[in-house]
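Novice: What follows is a single structure, and I will ask about it in a moment.
The values are calculated or read from the model by the stated rules, or taken from the named source; none is laboratory data. What you see is a predicted model; the values in this text were computed from it and never measured. Methodologically, a virtual Cβ is constructed for each residue, glycine included, from the backbone with ideal geometry; neighbour enumeration extends over all protein chains shown.
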């Protein structure tokens, strides 16, 4: 098992059809003890229970630094260490540039970018003390290609910011044996985009994907498991594309 006895924290992981829960399930299958962080309405404890008896759910808001620090402290008190952090929490909005309001901008940037910073800040002291740790940040192909299928420019900006933040943290904390990498998913079949793409548009999208299919959450989860495992122990600052060839660069 690739993650035997590792403690893995996954933000925004409670949604049963999302990337976070798919990652949680695969990490549990590979021997990790998983902690799912999410908002109270998402019921992270119930999501963790679906993985098995030894996993844990914690209510946390990644846009609030105090909440992130408290969540990390709760995990450390209960489980003793944090080996892996997956910064998965994020939201999107279908906006055009001129339609983005200040509130829209704040909402999207706060969850994806501020949340990635705050949760990383919350776990890094423990990882530095352990002299080991792996952080995987979920970005998006939209950060690379200048816009996604559904998200607006502010979503692209947030996800591009995640890439820059992850690379900077990789440089800073490599000396402590803490690795920081990113995954850039393409169009993945999750609840966020379910039913939102008309059939005629989907046909055009598929024509631009060499593998000729939409990704599945498990396609992304497997790559996150890889980056969090010792198979990737000499990788840091890496951006791993998981898009079926939608963007080849």
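Novice: Limited to segment 41-57, what total is found for residues that are out of contact with any strand residue (DSSP E or B) (no Cβ under 8 Å at 6 or more places or on another chain), farther than 14 Å from residue 25 by Cβ and surrounded by 14 or more Cβ atoms within 10 Å (Cβ to Cβ)?
Specialist: 1
Novice: Residue by residue through segment 130-161, note down the ones that are in a helix (DSSP H, G or I), within 24 Å of residue 36 (Cβ to Cβ) and more than 15 Å from the chain's Cα centre (by Cα).
Specialist: Within segment 130-161, 130 is the sole residue that qualifies.
Novice: Taking residue 114, is it out of contact with any helix residue (DSSP H, G or I) (no Cβ under 7 Å at 6 or more places or on another chain) and modelled with pLDDT of 95 or more?
Specialist: Spelling it out, residue 114 is indeed out of contact with any helix residue (DSSP H, G or I) (no Cβ under 7 Å at 6 or more places or on another chain) and modelled with pLDDT of 95 or more.
Novice: Now, a different point. Can you confirm whether residue 233 is surrounded by fewer than 18 Cβ atoms within 10 Å (Cβ to Cβ), touching a residue at least 40 places away in the same chain (Cβ under 8 Å) and over 25 Å from residue 118 (Cβ atoms)?
Specialist: yes
Novice: Follow-up question, since we're still on this one. Yes or no: residue 28 crowded, with 17+ Cβ neighbours inside 10 Å, out of contact with any helix residue (DSSP H, G or I) (no Cβ under 8 Å at 6 or more places or on another chain) and over 16 Å from residue 158 (Cα atoms)?
Specialist: yes
Novice: Which of the numbered conditions does residue 127 fail, given that it passes all the others? Conditions: (1) buried (at least 18 other Cβ atoms within 10 Å of the Cβ); (2) farther than 23 Å from residue 34 by Cα; (3) touching a strand residue (DSSP E or B) at 6+ places or on another chain (Cβ under 9 Å).
Specialist: With (1) buried (at least 18 other Cβ atoms within 10 Å of the Cβ); (2) farther than 23 Å from residue 34 by Cα; (3) touching a strand residue (DSSP E or B) at 6+ places or on another chain (Cβ under 9 Å) applied to residue 127, the lone miss is (2).
Novice: Can we say residue 92 is more than 22 Å from residue 32 (Cβ to Cβ), at pLDDT below 95 and in contact with a helix residue (DSSP H, G or I) (Cβ under 9 Å, 6 or more places away or on another chain)?
Specialist: The answer is yes for residue 92.
Novice: Among 14, 48, which is the only one that is in contact with a helix residue (DSSP H, G or I) (Cβ under 9 Å, 6 or more places away or on another chain), in a loop (DSSP other than H, G, I, E, B) and on the phi < 0 side of the Ramachandran plot?
Specialist: Result of the check over 14, 48: 14.
Novice: Only one residue in 62, 58 is under 21 Å from residue 3 (Cβ atoms), under 19 Å from the mean Cα position of the chain (by Cα) and outside any helix (DSSP H, G or I), so which one is that?
Specialist: The conditions single out 58.
Novice: Looking only at segment 232-248, how many residues end up being under 16 Å from residue 171 (Cα atoms) and part of a strand (DSSP E or B)?
Specialist: Residues in segment 232-248 being under 16 Å from residue 171 (Cα atoms) and part of a strand (DSSP E or B): 1 in total.
Novice: Surrounded by 15 or more Cβ atoms within 10 Å (Cβ to Cβ), on the phi < 0 side of the Ramachandran plot, at pLDDT 95 or above and not in a helix (DSSP H, G or I): which single residue out of 35, 108 fits that description?
Specialist: Just one listed residue meets the conditions, 35.
Novice: Checking residue 244 against (1) buried (at least 20 other Cβ atoms within 10 Å of the Cβ); (2) at pLDDT 95 or above; (3) on the phi < 0 side of the Ramachandran plot: exactly one of these is not met. Which one?
Specialist: Just one mismatch for residue 244, condition (3).
Novice: Output the residue which, of all residues in segment 172-215 that are surrounded by fewer than 13 Cβ atoms within 10 Å (Cβ to Cβ) and either modelled with pLDDT of 95 or more or in contact with a strand residue (DSSP E or B) (Cβ under 8 Å, 6 or more places away or on another chain) (or both), is nearest to residue 244 (Cα to Cα).
Specialist: The residue in question is 210.
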